[in-house]
Amino acid sequence: MSTTPRIAITGAGPGGLVCARVLQQHGLPVTVFEREAGPNSRAQGGSLDIHEDTGQVALRAAGLFDRFLALSRPEGQQWRMYDRHATLVRHDRADEGDMSRPEIDRGRLRTLLLDSLAPGTVRWGHPVEAVTPLPGGGVRLHHRDHADEDFDLVVGADGAWSRVRPALSDAQPHYTGITMVEVHFDDVDRRHPGIAELVGAGTMSAKAGGRSLVLQRNSNGHVRGYIMFRGPEDWHAGLDLADTASVRARLLDRYRGWDESLLDILRENEGEFLNRPMFVLPVPHSWQRVPGITLLGDAAHLMPPAGVGANLALLDGAELAQAVSSHSTLDEALDAYESVMLPRAHDNAKATQQMLATLMPDTDSDDARFPDSLWPDHTRPDSDPASGN
């Protein structure tokens, strides 16, 4: 390019951060705007399985693959599947040396990416309200609490409830009819041996008739659980979600008849139940080009949590940065990027919807078939309607 473009990324998630990292590797300055007050202002979510054909490709492009391997947990690739009677119906184990989908805690991955950036790249406490294309070219970025700023390229990496997306598309996330209620267990091997036995070293699922229970082992003896069921978004009407005993009673009623060892997932959780209704964007989701604006990750293709969301965000970010660094104009770069990203997102969105239908049938069948990979990596917390940025 004849001049160095001014580039802004909204959202310091995996996709936005890997995009910033690859841009800086190619000598392009970039600013990341993040609504969170700092890198440790909130928990970053559970474990991610980083796929060799998507997320690992991005980390290699960012020059971070070896550091990722040092932090990853290959043993976390195993997955146990039960019916509602706690009968083990399938146990997937990775072969020794298999690094096709090693696990890493989302917080550790984020720290790895943040530490790779030039100091001051991320501006914390900078929530973005909207972006506006400028008549003479460029894009104006509107902050909630700071002065507006102009850029040549604004990348919306700000998640499901993106503030950048409305500049490109009228699409809004819609409720899938499925809710996940998150639970937590600390020091699980000592304090919750039954939970530890169910989950093993990786992930477990049990399902029956539009209901599922998922456990996911994280680092340091921590396990996250997800109570997943079909129902109205206001399934908790009349309940105070902070009233743990009342929420537990309603959930136990919903899972009546399940094995006692599985019901301990609802009984033994530490802290409150966290309500996370599942939202997706329409399929396909695309837009007419607006110069200087594009999307990546959930902002572009929010889909069911089938183990691909974070991986696609990482690959989006790396490929977008490579396109910007290797084309003579931003329009050419966005053409190259979106012509690959949008069809890939469409294909994955269709596939994950089919997987979700298999895991969460809308009947009372006790069918014990399972998709190859499905565990939560992105949902909308009830308490944070602007989750993402």
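Worth a mention:
- Taking region 308-332 as the range and being farther than 28 Å from Phe68 by Cα and hydrophobic (A, V, I, L, M, F, W, C) as the test, only Leu330 passes.
- Boolean, Asp49 is among the charged types (D, E, K, R) and without any contact (Cβ under 8 Å) to a residue 60 or more places away in the chain: no
- The residues listed here are Ala313, Ala300; of these, the one that is under 20 Å from Pro166 (Cα atoms), crowded, with 24+ Cβ neighbours inside 10 Å, out of contact with any Gly (no Cβ under 7 Å at 6 or more places or on another chain) and not charged (D, E, K, R) is Ala300.
- Cross-chain or 6+ apart pairs with Cβ under 6 Å, region 129-141 first and over 12 Å from Leu168 (Cα atoms) and free of Cβ contacts under 8 Å to residues at least 40 places away in the same chain, then charged (D, E, K, R) and exposed (fewer than 14 other Cβ atoms within 10 Å of the Cβ): Glu129/Arg144; Arg140/Asp148
- Applying a threshold of 6 Å to beta carbon distances and a minimum spacing of six or more residues, or different chains, the list of pairs starting in region 231-247 at a residue that is under 20 Å from Gly209 (Cα atoms) and ending at one that is not polar (S, T, N, Q) reads Glu233/Tyr175; Glu233/Pro277.
- Matching residues, region 240-272, being over 20 Å from Pro193 (Cα atoms) and either among the small types (Gly, Ala, Ser) or in contact with a Pro (Cβ under 9 Å, 6 or more places away or on another chain) (or both): Ala242, Ala245, Ser246, Ala249, Gly257
- Number of the exception - Arg93 against (1) of a type outside the set (A, V, I, L, M, F, W, C); (2) modelled with pLDDT under 95; (3) buried (at least 18 other Cβ atoms within 10 Å of the Cβ): (3)
- Pairs with Cβ under 7 Å, 6+ apart, first in region 181-210 and over 17 Å from Thr87 (Cβ atoms), second buried (at least 22 other Cβ atoms within 10 Å of the Cβ) and aromatic (Phe, Trp, Tyr): Val181/Phe273; Glu182/Tyr226; Val183/Phe273; His192/Phe185; Ile195/Phe185; Gly202/Trp79; Thr203/Trp79; Thr203/Trp375
- Scanning region 52-77 for residues that are over 20 Å from Ala20 (Cβ atoms) and in contact (Cβ under 8 Å) with a residue 40 or more places away in the chain turns up Glu52, Arg73, Glu75, Gly76, Gln77.
- Hey, Ser162 modelled with pLDDT of 95 or more, within 24 Å of Ile293 (Cβ to Cβ) and polar (S, T, N, Q) or not: yes
- Selection status of Arg108, touching a residue at least 24 places away in the same chain (Cβ under 8 Å), closer than 19 Å to Val308 by Cα and of a type in the set (Lys, Arg): yes
- Residue in region 32-45 that is among the hydrophobic types (A, V, I, L, M, F, W, C), over 23 Å from Arg165 (Cα atoms) and in a loop (DSSP other than H, G, I, E, B) present: yes
- A single entry from Arg80, Arg101 fulfils the requirement of being charged (D, E, K, R) and in a strand (DSSP E or B): Arg80.
- Pick from region 1-60, criterion surrounded by 15 or more Cβ atoms within 10 Å (Cβ to Cβ) and among the hydroxyl-bearing types (Ser, Thr, Tyr), ranking: farthest from the chain's Cα centre (by Cα): Thr31
- Residue match in region 161-179 (condition: of a type in the set (Lys, Arg), in a helix (DSSP H, G or I) and crowded, with 24+ Cβ neighbours inside 10 Å): yes
- Of all the residues in region 320-332, those that are in contact (Cβ under 8 Å) with a residue 60 or more places away in the chain and charged (D, E, K, R) number 0.
- Those residues of region 14-42 which are in contact with a helix residue (DSSP H, G or I) (Cβ under 7 Å, 6 or more places away or on another chain) and more than 21 Å from Ser325 (Cβ to Cβ), in sequence order: Pro39
- Looking only at residues in region 262-296 that are part of a strand (DSSP E or B) and of a type in the set (A, V, I, L, M), the one that is surrounded by the most Cβ atoms within 10 Å (Cβ to Cβ) is Leu295.
The values are calculated or read from the model by the stated rules, or taken from the named source; none is laboratory data. All values reported here derive from a predicted model rather than from experimental measurement. Positions of Cβ are backbone-derived with ideal geometry, glycine not excepted, and every protein chain shown enters the neighbour counts.
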